[in-house]
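The structure under discussion appears below in the form of structure tokens.
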Amino acid sequence: MSEIENAGSGPPLPNHPESTPAAIAKGRSGVSLVWLIPIVALLIGGWLAAKTYAERGPTVKIEFRTASGLEAGTTKVKFKDVDIGQVTSIDVSVDLKSVIVTAELKHGSEQFLTEKTRFWVERPRVTASGVSGLETLLSGSFIAIDPVRGGKEVLQFTGLEEPPLFTTSEAGTRFLLRSPTLGSLNVGAPVYYRQIQVGQVAGFALDDDGEAVGIDVFVFAPHDRLVSTSTRFWNASGIDFSLSAAGVKVDTESLMSVLIGGVAFDTPDTIDAPGEPPGADHVFPLYASRDNAHEKIYLHKERYLLFFEGSVRGLTVGAPVMLRGIAIGKVLDIQLQLSVEDLQFHIPVLIEVEPERVAVRGDRRALDETGMIRQLVAKGLRAQLKTGSLITGQLYVELDFYPDASPEVLAQEGDYEVLPTIPGSLEALTNKVTAILDRLEAFPFDRIGKDLTDTLAGANEIVNSAALKQGIVELEKSLAEIRALAEQLNTGIAPELAETLRQTTATLRGVRQMIEDGSPISVELRRSLNEVSGAARSLKVLTDYLERHPEALLRGKGGGR
């Protein structure tokens, strides 16, 4: 160090080795710029990978029955014709009964993947209710989604075999109907209000107990506001044909309802309070026809038992129970029973009546409803079978009062009260005919026939007797004489009688001329009548004077002076 310092202190010597300057080594500080580029690239790659992972959409698995029209890497998942995903793979299920379609959806789709979300394959379909999916003829089949917010999030779904008629994004309301049978209804059948289509049948399913069918209908907005708890739905399928005293009635909603069926609804006008908007769990009954839907329903029902001795052929379950021509109930059951005691057959008929159909005039509180039926039976209330149609021979139960019927009381048979009955009209007619035949059988036709034979024999003897023949001969002679006398009258007496009548007529004419007004005889006759009238008046005056003065007969008028 000292040498170097010394050498640097003075001028160096020429060509001397110690006079050459030496390099000075210094240590490098920091990172080289060469490594900055790969570091930046690594950071960008990590950021892109993190971003790609963060923006990656959910992967869902959808189970379909078949993979018809689907292709991995090509088939899209769409919502309202917007691509929101793509099928990545298609595998067969473990049990070989279905296919598992795996699809990747866009980021943000996970909020719509709930247990209510539905998937289905859009492909061309032709059904009775219409044609759908024609756009897939060119673009190919795709998987459609009906996203639903709210609910438990899931990533595995069971795809629908048929596309739903309505998605959750459509405005409207679903209503549940319940019917004993499905009838001719099908998915897509129209729903009518005043013969205007306002919805469709969305689906149907059998109840868990198998007693009825649940039918799901969708009514478009704003027509869904027409439905309340008082609304009545009825089956409008086919043609409703009825024949009554008013004539022939044909009722149908449209040609479409005739072909594929349909449902109609309306809210009848009643004096009851208007209905409220139905809740989500409200179930509407589906009536068989419009008339059944508008028929007033009564909750209070009473059941009675009837016993008929004769034949009930033509009486069926559901036959009406009438009171003076007004339906108040129906027949529930008909049985045939054999009595062990007397070995006789009895036919019990169970009926159900609705007492509220009979309006009560006056103060209802004064009416003893528990004993009312007993009072009516004591007054002559009886049940009778009558013919409802001469063509079909159907029978119905008629309740009416028969004051001449034998006295009866209200009996009890098990859990039911027994109303007394009288023979039906046909049975009563049969009994009358039987009674008449019995009387005819007891009539003495043999004796009458014998008497008639004897009478005819006697008449034959009279007709063939000689006296009758002689009388007929004499009668003929008398008729001949009468005929001759008539001819004599016509030829001899009749002309003379006619001449006499002409002379009499001429005489009467002359007399009439003599006495007519202006004739001398008429004038003289009137003058004579006037004189007679004057003499009668004078005589009356004289009579009156003599009555007042009888002494004038002796003394004369004026008292004899």
Whole-Å distance, taken between Cα centres, linking region 91-120 and region 435-513: 119
Tell me, what ³J(HN,Hα) does each residue in region 84-96 have, in order and in whole Hz, if you take phi through Karplus 6.51 cos²θ - 1.76 cosθ + 1.60 with θ = phi - 60° and put x for Gly and Pro? 10, x, 8, 6, 9, 7, 10, 10, 8, 5, 5, 7, 6
Could you list which residues have their amide H under 5 Å from that of residue 123, counting only those 5 or more apart in sequence or on another chain, with H placed in the peptide plane? none
Measuring from label point to label point, each 7 Å out along Cα→Cβ, what is the residue 509 to residue 390 span in nm? 7.4
Filter the GluC sites (Glu not before Pro) in region 38-122 down to the DSSP loop ones having no more than 16 other Cβ atoms within 10 Å, then list what survives. 55, 71, 115
Taking just the alpha-carbon atoms of region 381-529, what radius of gyration and Dmax come out, in angstrom? 42.3, 118
Only loop residues by DSSP count here, and only those with at most 10 other Cβ atoms within 10 Å; note down the GluC sites (Glu not before Pro) in region 324-357 that meet that. 341
Linear extension gain, residue 498 paired with residue 153, 0.36 nm per residue minus alpha-carbon span: 110.5 nm
I need the peptides 521-531, 153-163, 327-337 ranked by packing, meaning the mean over residues of other C-beta atoms within 10 angstrom, with the highest value on top. 327-337, 153-163, 521-531
Expected output is a single nm value to one decimal: the length gained when fully extending between residue 300 and residue 491, i.e. 0.36 nm times separation in residues minus the C-alpha distance. What is it? 58.6 nm
Residue order, fewest to most beta carbons within 10 Å, for 473, 60, 263, 99: 473, 99, 60, 263
What list of ³J(HN,Hα) values in whole Hz, one per residue of region 204-219 in order, does the Karplus curve 6.51 cos²θ - 1.76 cosθ + 1.60 (θ = phi - 60°) give from phi, with Gly and Pro shown as x? 7, 7, 7, 5, 4, 8, x, 8, 7, 10, x, 10, 9, 10, 10, 10
Can you compute 3J(HN,Hα) from phi for each residue in region 523-536, using the Karplus curve 6.51 cos²θ - 1.76 cosθ + 1.60 with θ = phi - 60°, rounded to whole Hz and x for Gly and Pro? 5, 4, 5, 5, 5, 5, 5, 5, 4, 4, 5, x, 5, 5
A correct fewest-to-most ranking of 143, 462 by other Cβ atoms within 10 Å would be 462, 143
Per region 57-158, sqrt(5λ) over the Cα gyration tensor eigenvalues, sorted largest first, in Å, gives 21, 17, 14
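Read-outs throughout are calculated quantities, based only on the coordinates presented, and are distinct from any laboratory measurement. Quick caveat: nothing in here was measured; it's all calculated off a predicted structure. No Cβ is skipped: glycine too gets one built from the backbone with ideal geometry, and neighbour counts run over all protein chains shown.
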